[in-house]
Structures are given as structure tokens and as C-alpha cells.
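S.K.: Sharing a structure with you now.
The values are calculated or read from the model by the stated rules, or taken from the named source; none is laboratory data. This is a predicted model, so every value here is computed, not measured. Cβ: placed from backbone, ideal geometry, glycine included. Neighbour counts: every protein chain shown.
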Amino acid sequence: MRKDSDYGKVKSAARARSIISKTVVYSLLTLWGLIVLFPFYWMLLTSVKSYGAYNSEYIPQFFTLSPTVQNYFDAFRAVPLAKYFLNTIIFTVATTALMLIVIVPAAFAFARLNFRGKNGVFVAFLSLMMIPTELVVITNFTTITNLGWRNTFIGLILPSVVSVFYIYLLKENFEQVPDELYLAAKVDGTTDFKYLMRVLVPICRPTIVTITILKVIECWNSYVWPRLITDDEAYYLVSNGIQEIRENGFGRDNIPAMMAAVVVISAPLIILFLIFRNKIMEGVARGGTKG
């Protein structure tokens, strides 16, 4: 009886420790989640406040009793925001499609093909990741300017169609596919291109989907290069549009209207991430795990 009693006490103590541990962990996670989400809440809240109500708040209010959507209408009237959206969609779709056309065969070549100096070429390729982005921007700007491609979609798109990191990520994923499949395909007379498209791409689809989503997010958030290579409003992206709205749209004082524009621009990425968050995590995990 005493053993049963001692076992019961130990079990109860273990359960209590587990409950306390989970309570602490979930409390910290909840606190961290509130800290992370608060800027988004503040952005959304400010966007539904009128200009007068916002400026009359000597102490910032964490809620509003008279929300308005007028700021959102103003966001599309002050500057051609719809045009910026269209430009960004064209830039994002074209850049992502061209990048996939480039990186998928490149990753396959490094993962499956044998050619002289492959390891040296790949190491040299990876070393490009060590070059500061600012140096690449300067080189790209000089090249695009000399070719006369400033204020064109070609100039916007071309410098972004190759990604060393995505090639590396996809190469690691391709190498996880057993070599026996490749050898069997070659025995059957299958070409490398058919093996890539019919075997590797379907098997590694989660990683490819992840790369696609991450590239879309990267293109949508792109600011430095579009701002540098375009000074014609006809080629502005939404990231450039924010600055244009601030300088020539609402002015620096109309914060609610600015926040409404930021909400409109941010919403597609937030929705995209919420829909595909599981695929992003799955693809990254598969791409970084060998064996």
C-alpha cells in the first residue's frame, strides 16, 4: 500500500510539474505573440481612424468607437495605387517564373550530373553568397544602365532571376532522392530532362512550392532595386508607391491614410503566408534534411 501511495505522489508531482511547465511556456508564447501582432493591430486600428480623430488624440487610444473606411478610398485616389499593384504582379510573376526555369535545371545539374570541376564550380557559386548585397546592386545598376534598360520591366526583373540560396536548397532536396531511381531511369532510356520533370519535380514539389512562395514574398517586398532602377511612375511597384504616397499623395501628416495604404499593400502577403504556412515549413524542413 505504501508503494502505491508513493507512486501516486510521484505521479501527481510529475503531473503538477508538467502543468506548471506548460502554463509557463504557453504564457510566454502568448506574450510573445501579442508583442509580434501588436504592430499589425496598431496599423489596422490607425487605418480606420479619421484624420481629425487621430490628430485629436493627445494620448494614443487602443480602440475607436467611430471607425471609417474613407482612408482606403483615399489611398487609391491620391496616387495610382491600382497601377502599382499591376506592376508588382507583373514583376512578381515574371521574376518567379524565370527564376524557377533557371534554378530547377541548375540544382539538378549540381545534384545528379557528373562533369569536370563540378565541386569547384559549386563552391565558387556558393561563395557568391558572401558578397555584400550593396556591391551586387552597384554592379547590376551599372550593367542595366549601360544596356539602356532603366525604367523597363526587363531591368527590374533580370537581376532577380538567379538565387544561389534557392539553388542550394533545391540541390539538397534533389540529392535526397535515391540514386537507384536515376540509374533505373537511365537504363530505361529516359532523358535527364524527362527524369527531372517526371520524377524529381513531383517528389520535391513541397520544396519547389516553398521556394515559389518565398520568392513571391521577396519580390513583393522588394524596395532598394526598384527604387534605384526606376524613376518613372509608370514602373513603380507597391514598395515604391509607399514613398510616393508619403511624398506626393497624403503628405507626411496624414498617418491614417498612410496606414490604410500599408494595410492594402500588406494584405496579399499576409493572406498568402497564412494559407501556405504549413507548406513553407514543410519545404524548408525537407530541403535542409539529408538522409
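S.K.: Go through (1) out of contact with any Phe, Trp or Tyr (no Cβ under 7 Å at 6 or more places or on another chain); (2) hydrophobic (A, V, I, L, M, F, W, C); (3) crowded, with 17+ Cβ neighbours inside 10 Å; (4) over 20 Å from Ala111 (Cβ atoms) one by one and return the number of the condition Ala234 breaks.
M.R.: Result: Ala234 fails condition (3) only.
S.K.: So how many residues does the range 148-198 have that are of a type outside the set (Gly, Ala, Ser), more than 30 Å from Asp232 (Cβ to Cβ) and not in a helix (DSSP H, G or I)?
M.R.: Selection size over the range 148-198: 6.
S.K.: Of the residues Thr212, Thr191, which single one is among the hydroxyl-bearing types (Ser, Thr, Tyr), free of Cβ contacts under 8 Å to residues at least 12 places away in the same chain and within 22 Å of Ala106 (Cβ to Cβ)?
M.R.: Going through Thr212, Thr191 in turn, just one is among the hydroxyl-bearing types (Ser, Thr, Tyr), free of Cβ contacts under 8 Å to residues at least 12 places away in the same chain and within 22 Å of Ala106 (Cβ to Cβ): Thr191.
S.K.: Would you check if there is a residue in the range 236-259 being modelled with pLDDT of 85 or more, touching a Leu at 6+ places or on another chain (Cβ under 7 Å) and among the aromatic types (Phe, Trp, Tyr)?
M.R.: No, every residue in the range 236-259 fails to be modelled with pLDDT of 85 or more, touching a Leu at 6+ places or on another chain (Cβ under 7 Å) and among the aromatic types (Phe, Trp, Tyr).
S.K.: Looking only at residues in the range 194-205 that are in contact (Cβ under 8 Å) with a residue 24 or more places away in the chain and surrounded by fewer than 19 Cβ atoms within 10 Å (Cβ to Cβ), which one is nearest to Leu100 (Cα to Cα)?
M.R.: Checking each candidate, the answer is Val201.
S.K.: Further question on the same structure: Any chance the range 34-42 includes a residue that's of a type in the set (Val, Ile, Thr), farther than 18 Å from Ile255 by Cα and either surrounded by 10 or more Cβ atoms within 10 Å (Cβ to Cβ) or touching a residue at least 60 places away in the same chain (Cβ under 8 Å) (or both)?
M.R.: Checked against the condition, which is being of a type in the set (Val, Ile, Thr), farther than 18 Å from Ile255 by Cα and either surrounded by 10 or more Cβ atoms within 10 Å (Cβ to Cβ) or touching a residue at least 60 places away in the same chain (Cβ under 8 Å) (or both), the range 34-42 yields no hits at all.
S.K.: Sort out which residues of the range 134-167 are crowded, with 20+ Cβ neighbours inside 10 Å and over 18 Å from Ala97 (Cβ atoms), and write them in order of number.
M.R.: Once the filter is applied, which keeps residues that are crowded, with 20+ Cβ neighbours inside 10 Å and over 18 Å from Ala97 (Cβ atoms), the range 134-167 yields only Ile144.
S.K.: Follow-up. Would it be correct to say that Thr92 is polar (S, T, N, Q) and outside the structural domain of Ser160 (by TED's automatic domain parsing)?
M.R.: no
S.K.: Can you tell me which of Asn140, Asn87, Asn114 is over 23 Å from the mean Cα position of the chain (by Cα) and either closer than 30 Å to Ala260 by Cβ or modelled with pLDDT under 90 (or both)?
M.R.: The conditions single out Asn114.
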